[in-house]
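The values are calculated or read from the model by the stated rules, or taken from the named source; none is laboratory data. Keep in mind that this is a model prediction, so the values were computed, not measured. Cβ atoms come from the backbone with ideal geometry, glycine included; neighbour counts cover every protein chain shown.
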Amino acid sequence: MNRFDLTGKNAIITGGNKGLGRGMTEALCEAGARVAIIASSESVFAVAEDLKNKGYDVYAVRGDLSDRAGIPITFEKAVQTLGGRLDILVNNAGIQRRNKCEDFTLEDWDSVINVNLNAVFQMCQLAGRKMLAQGKGKIINVASMLSFFGGYTVPAYAASKGGVAQLTKALTNEWASRGININAIAPGYMDTEMNVKLVQDEKRNAEILARIPKGRWGTAEDVKGIVVFLASNASDYVSGAIIPVDGGYLSK
Ligand SMILES: NC(=O)c1ccc[n+]([C@@H]2O[C@H](COP(=O)([O-])OP(=O)(O)OC[C@H]3O[C@@H](n4cnc5c(N)ncnc54)[C@H](O)[C@@H]3O)[C@@H](O)[C@H]2O)c1
C-alpha cells in the first residue's frame with residue numbers, strides 16, 4: 001500500500017498559482033489528487049491550463065480572499081468543480097506588508113489580518129462543515145517562522161501567523177476525534193516573490209543565511225513532500241502540529 005497516494009482525493013489550495021503554493025499544487029497533482037486552485041489573480045487560469053496540459057486534473061477558481069462575503073461563494077464554486085466532495089484544504093494564500101510598528105497603517109493591518117487569518121478561519125470552517133459530514137478530511141494551514149518569532153517591521157504578519165498556529169491547535173481539539181486532521185506547515189526563509197526585498201538586501205540576506213544550518217534559502221520544491229504527507233493517510237495520527245520546513249533555522 002502506498003500511504004502517500006492521493007489518487008481519487010479532491011483538494012482545494014488557495015494561492016496555488018505561484019510561489020510555495022504553486023509547488024504544493026504540483027505536489028498534490030503528482031501524488032494523484034484532483035486540485036482546484038483559488039487565487040485572486042487572473043494568472044490562475046493560465047497556471048491551471050499549464051498543469052492540465054501536463055496531464056493533471058486541475059481547475060482554476062478566481063476569488064478574492066479579502067472579500068468576506070465572497071468567500072463562501074468562491075469556496076462552493078471550487079467544491080462544485082471538484083464534483084462536490086472535499087478531502088483536502090490547503091490554506092496557503094498570504095500577503096506581507098512591511099513598516100515600522102509606529103508607522104504601520106491600520107489599512108495595512110486590516111489587509112494582512114483579513115487574508116492571512118480571517119480568511120483562513122472562514123475557509124477552515126466551510127471545509128470543516130463538509131469534512132465533518134463526510135467523517136474525514138485533511139486541513140493544512142501555512143504558518144511561518146513568525147508563528148514563533150515577532151520579527152521586525154512585520155507586526156500584522158507576525159500576529160496573523162501566530163494566530164494561524166493557535167487556530168490550528170484550537171480546531172484540532174474540536175475536530176480531530178471526528179475525522180479531520182488539521183496541521184500547519186511553517187516554512188523558513190523561502191526565496192519567493194514575497195521575500196524579494198530581503199533577498200536583495202545584502203546585509204539581511206547574509207544574516208539570514210548565516211542562521212540557516214542548511215546554508216541556503218528554501219524553495220517551492222522544499223514544501224512538496226510535507227504537503228503530500230499531511231494530505232495523505234501517512235499522517236492520520238498527526239494533528240495540531242506546526243511543522244517547520246526551515247533548513248534547521250529554528251534549531252540554531
Ligand atoms: N516566502 C516565505 O519565505 C514564506 C515563509 C513562511 C511562510 N510563507 C507563507 O507561505 C504562503 C505562500 O507564500 P509565498 O512566498 O509563496 O507568497 P507569494 O506572494 O509568492 O504567493 C502568495 C499567493 O497568495 C495569493 N493571494 C494573495 N492575496 C490573495 C487574496 N486576497 N485572495 C486570493 N489569493 C490571494 C496570491 O495569488 C499568490 O498565489 C503565505 O501564506 C506566506 O505567508 C512564506
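Here are the numbers:
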| quantity | calculated |
| --- | --- |
| Inter-residue pairs, beta-carbon under 8 Å, first over 24 Å from R62 (Cβ atoms) and in region 1-24, second aromatic (F, W, Y), 6+ apart | F4/F229 |
| Hey, F121 farther than 17 Å from S40 by Cβ and modelled with pLDDT of 95 or more or not | yes |
| Scan of region 145-162 for residues that are assigned to a loop (DSSP other than H, G, I, E, B) and modelled with pLDDT of 95 or more, ordered by number | F148, F149, G150, T153, V154 |
| Region 122-144 - residue that is within 16 Å of the ligand (Cβ to nearest atom) and not in a strand (DSSP E or B) and, of those, farthest from R85 (Cα to Cα) | S144 |
| Subset of region 81-112 (residues that are of a type in the set (V, I, T), touching a Phe, Trp or Tyr at 6+ places or on another chain (Cβ under 9 Å) and within 12 Å of the ligand (Cβ to nearest atom)) | I95, V112 |
| Restricting region 202-222 to residues that are in contact (Cβ under 8 Å) with a residue 12 or more places away in the chain and charged (D, E, K, R), the residue that is nearest to the ligand (Cβ to nearest atom) | D222 |
| Any hit, region 42-62, residues being surrounded by fewer than 24 Cβ atoms within 10 Å (Cβ to Cβ) and within 27 Å of L146 (Cα to Cα) | no |
| Checklist (1) surrounded by fewer than 15 Cβ atoms within 10 Å (Cβ to Cβ); (2) within 13 Å of the ligand (Cβ to nearest atom); (3) part of a helix (DSSP H, G or I) applied to A165, failing item | (1) |
| Helices (runs of 4 or more DSSP H) completely within region 172-252 that count 2 or more residues being of a type outside the set (D, E) and surrounded by fewer than 19 Cβ atoms within 10 Å (Cβ to Cβ) | 196-200, 202-211 |
| Residues that are more than 16 Å from the ligand (Cβ to nearest atom) and within 13 Å of G16 (Cβ to Cβ), drawn from region 44-80 | Y56 |
| Selection within region 179-201 - at pLDDT 95 or above and either more than 16 Å from the ligand (Cβ to nearest atom) or over 22 Å from S251 (Cβ atoms) (or both) | G179, I180, N181, I182 |
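So that you can scan it fast, the table gives a plain yes or no per residue for (1) within 19 Å of K224 (Cβ to Cβ); (2) not in a helix (DSSP H, G or I):
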| residue | (1), (2) |
| --- | --- |
| D5 | yes, yes |
| G23 | yes, no |
| L28 | yes, no |
| A46 | no, no |
| Y56 | yes, yes |
| Y59 | no, yes |
| E76 | no, no |
| A93 | yes, yes |
| R97 | no, yes |
